[in-house]
Each structure stands twice: as C-alpha cells, then as structure tokens.
Amino acid sequence: MDEFAKTSRRAFLRGSAAVAAGTVAGHAAAQGAPDPAITELQDWASYLGVGVDETPYGLPIKFETDVVRRSVPWLTASPISSINFTPIHALEGTITPQGCAFERHHSGAIELSKDDYRLMINGLVDRPLVFTYADLERLPRENHVYFCECAANTGMEWAGAQLNGAQFTHGMIHNMEYTGVPLRTLLAEAGLDAAGDFADKWVYVEGADASSNGRSIPMEKALDDVLVAFKANGEALRMEHGYPVRLVVPGWEGNMWIKWIRRIEVTDAAVESREETSKYTDLHEDGVARKWTWVMDAKSIITSPSPQMPITHGTGPLVVSGLAWSGHGKITRVDVSIDGGITWETARLGKQGDTKALTRFYYDMDWDGREMLMQARAMDDTGYVQPTKDQLREMRGENSVYHNNCIQTWFVNEEGVAENVEVS
Ligand SMILES: Nc1nc2c(c(=O)[nH]1)N[C@H]1C(S)=C(S)[C@@H](COP(=O)(O)O)O[C@H]1N2
Ligand SMILES: [Mo]
C-alpha cells in the first residue's frame, strides 16, 4: 500500500513537470524558477489526515464553499415564498447534487416524516385509497434522469440583459436521477381502469405544505411518464425538494412537480387553480395571457466562460462548456457562436442526449484574445431550434415572465471577463 502511494506520487510529479515544461504559457516554465509546490515537502504529506469517523456524511471541501445556491434578494418580498439558484456555472457533467439544486417554495420547505406521510387518491376512481410511505415502497419502481426547470427561469431577462451570471439567468434548473412509482400504477390501484372512459379526465395534485401548490395535469400525461418519486440521485429527497415524496413531471414546467405530494384527485375538468391562472400563464404583446404552456421548450446556456467563470488562463486552448435540454425529448445538436450569432459551429455533445434530461456540450477552441459574443443554440429531436430573444419578443413583448427559452449572449472582453448582454 505504502509502495503504491509512493510510486503514484512520483508518477504525478513527473506528469506535472512535463505539463509545465510543455505549456508555453505555463507560469513556472516561463519564469524558469523552481516551483515550491513541487520542490518543498508539503503539510499534507508530513502529517496524518482526517480519520474516517470525522465525516459520517461528507460535505464539500472548504475550498469549494462558493459552489452554493444563491438568491437575488430583491426578486421576492420574503425568503419563504422565494427562489434560489443552482450554481450551474461551477458544475460539470449533467447531474445536479441535491445540496446545491435550486429551491422554489410558495410557503417554505416543510418537515414531514415518513411515518406521518400519507398520499390520498380520490375523485373519479372506483376505490379511493390512502397510501403510506411503506405502501409506496412495495410497488414496482423505476429510475429515470430528468431536468426540472421552473417556468420563471430566465424570466427576468425579457426587457433586457439583467442578472450577471449563468447561475442567476439560468439556474432555476436541476437534473437528478429519480426513483419512484409510475403515477399510472397508483391510478390503476385506485381502479381507474375500471372507470373506463378517462381519456378526457384530469388529475388535480396537491402538496402537504400551506400553499398546497395545486395543479391540474391532463390524464394523458398522468398515464405517460409521471413518477411519484421518493429518491433522488440514489438517496432520500432533501426536505427542500419534497421529502419524503414528490411528483416528477418530465419535460413539464417545475411548478407541476408537486413536492410533499399529499392528494391526487381524478377530475373531469382542470381546476383552474391560482398556479395555473394568475401565475404560470404567458402574457403576450397584445395583453392576452396564454394558459397551459406546460412543456419546457429546447434551451441551452454556456456555463463557462460566463460572468462568474471568466477566462483566467490567457490565450490558447479554451474549453467552452454548457448545458442543453428540451422538454419535448432529446437534444440532437447544439451550435456555438463566438460572433454574436453571425457564424455557428456545431458543438460536441458530452454524451448522446437523454430524453427530457440535461445534455452537456463542449466547444473546444483556441482563443486568440479577441473579444467574443458567445451564444449557444439547441436543437431537439422534434426539429425545433432554440429562438433568439427578438423572435420571442415579437409575440411575447417585454412584460412576460415565464417560458423564456431565448438564446443567451455573453460578451467576453480581451481580459477574459464575461458579461450578460444582448445583441440585436
Ligand atoms: N407543494 C409544493 N410543491 C411545489 C412548490 C411549492 O411551493 N409547494 N413549488 C413548485 C415550483 S414553482 C417549482 S419550480 C418546483 C421547484 O422544485 P425544487 O424546489 O425541488 O427545485 O417545485 C414545485 N412544487
Ligand atoms: Mo416554479
């Protein structure tokens, strides 16, 4: 074991020396001076580290404590009915750790134990039922990765470039692997099949919190891919994401993903609750609001470089990294522009896009130190192409809030500093 540790340390030293010598812009190589980080015995090699009994549940190391959710205090009147944002600028890959996945509450996050948990199914079913948490664990379950995007994501940007950071313009999104029971399984238990003609029926779904956040979902979607989920990324849901059970409504706006889900009523019409009338409807230029825009259209964002992730290494190889997603299906292609949308190059997908889940894309370029207007545009397997802000504004005007999936622009200056701007 010891021998292995020594060998690998030597291998590492050789590796990093080679890198330093081979990189023209390498700091140590340029100065020609010995780098004490390599030549001197470091603390962490001279003393013993922390024992395994110190961290029964691991937290990020102290050097990463800025990779956290952040909020914009002026956005809402109180932190109870509010939102915070995922630090998407600092994350990689596609899975969002629960601890920094954005939260959106209408009446705060509640503490509801598995013992106290009940889920009722009533309304137009043969057998109204109440499930305990243990009941849910005995039904066949599935695992799926899905993104959850609040319809208000990017909603502050309609009238102009506003918030300076991908975390704030696009951070009302997370992407997790959910474990849960298909809603159709629960509805079948309650005797929906026997009820016969349910094609035009709805479910009205409520949470156990004071806001209840009730939403109507058409039966076709309820029987398709909706999950009643109790795990995310392999572990129990965090309180703020609906512990012990939440609804997962793939590809549809986050508001329908009812947390602390307590009741599912089968109805013959949409309830037209607050959350689907006065909120989460889309104001148009002509003053008319459109309702039931449930699906989140294709969208993308360059996460680095971005205002919180300036280029700090100077010219040369630059990894442009970003995220793309579509509530209609899979991302098939992402293009990147560095000249404000005049010319486009096709980006490389980290891996083939999953349906209704985040897809990572990369654009590997050589930066010559010139100013850039960086954009990404996503395409999905329906053939849809992410629109420009001007295209969206033609219909929606500037006073809309929800469903802003426009192409975002970052201006990067010669120092590598990035800023939220608009091009037209
Ligand atoms: N019960 C309940 N469910 C809820 C909400 C709520 O306030 N109460 N907020 C909704 C909104 S608007 C969004 S965008 C998502 C956010 O999920 P998250 O907090 O896990 O990110 O939950 C939805 N489900
Ligand atoms: Mo939301």
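Nothing in this text is a laboratory measurement; each read-out follows from the coordinates by a stated rule. As the structure is a computational prediction, the values presented were derived from the model and not from experiment. Don't worry about glycine lacking a Cβ; one is built from the backbone with ideal geometry, like all the others, and counts go over all protein chains shown.
Values for this structure:
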| read-out | value |
| --- | --- |
| Residues Lys356, Lys62, Lys389, Lys330, sorted so that the one with the fewest Cβ neighbours within 10 Å comes first | Lys62, Lys330, Lys389, Lys356 |
| Note, ³J(HN,Hα) from phi for region 331-346, Karplus 6.51, -1.76, 1.60, rounded to Hz, x at Gly and Pro | 6, 9, 7, 10, 10, 10, 10, 10, 10, x, x, 7, 10, 10, 10, 7 |
| Per-residue HN-Hα couplings for region 226-232 [Karplus 6.51, -1.76, 1.60; θ = phi - 60°; Hz; x = Gly/Pro] | 6, 10, 9, 9, 10, 9, 9 |
| Residue of Thr281, Thr179, Thr76 that the Gaussian network model of the chain assigns the largest fluctuation, springs spanning Cα pairs under 10 Å | Thr76 |
| Radius, Kirkwood style, for region 65-168 when every pair of distinct Cα atoms is counted (Å) | 17.2 |
| Formal net charge of residues neighbouring Ala134 (Cβ-Cβ distance under 13 Å; K, R +1; D, E -1) | -1 |
| Helix-only CD estimate at 222 nm, as mean residue ellipticity for the chain, using -39500 (n - 2.57) per DSSP H run (n ≥ 4) | -4000 deg cm²/dmol |
| Largest to smallest principal axis extent of the C-alpha atoms in region 242-303, angstrom | 39, 38, 16 |
| Placed amide H near Arg70: partners under 5 Å, 5+ positions off or other chain | Phe85 |
| Percent RCO, i.e. relative contact order, over region 184-322, from Cα pairs under 8 Å lying at least 6 residues apart | 22 |
| 5 angstrom amide H check on Ser304, placed H, neighbours 5+ away | Ser321 |
| Packing-based exposure ordering (other Cβ within 10 Å, fewest first) of Met374, Met395, Met156 | Met395, Met156, Met374 |
| Gly123 long-range amide H proximity, modeled H, under 5 Å | Val266 |
| Mean separation of Cα contacts under 8 Å (6+ apart) over length of region 299-421, as relative contact order % | 32 |
| Loop sites in region 260-292: GluC sites (Glu not before Pro), DSSP, at most 12 other Cβ within 10 Å | Glu272 |
| Positive-pole candidate from Met172, Leu187, Gln162, dipole of region 98-228, charges at beta carbon | Gln162 |
| Calculated P(r) of the chain - Cα pairs past 38 Å, % | 31 |
| Residue of Ile95, Ile80, Ile217 that the Gaussian network model of the chain assigns the largest fluctuation, springs spanning Cα pairs under 10 Å | Ile80 |
| Links that overshoot a 31 Å alpha carbon limit, given the list Lys356/Lys389; Lys279/Lys299; Lys62/Lys330; Lys201/Lys356 | Lys62/Lys330 |
| Phi-based couplings in Hz for region 133-146 (Karplus 6.51, -1.76, 1.60; Gly and Pro marked x) | 4, 4, 4, 4, 5, 9, 9, x, 10, 9, 10, 8, 9, 9 |
| Mean-position separation - Cα centroids, region 317-381 and region 138-156, in angstrom | 22 |
| Two-decimal Rg to Rh for region 296-424 - Kirkwood Rh, Cα set | 0.97 |
| Taking the chain and dividing mean pair separation by its residue count, relative contact order in percent (alpha carbons under 8 Å, at least six apart) | 15 |
| Neighbour-limited loop hits for chymotrypsin sites (Phe, Trp or Tyr not before Pro), region 248-293 (at most 11 other Cβ within 10 Å; DSSP other than H, G, I, E, B) | none |
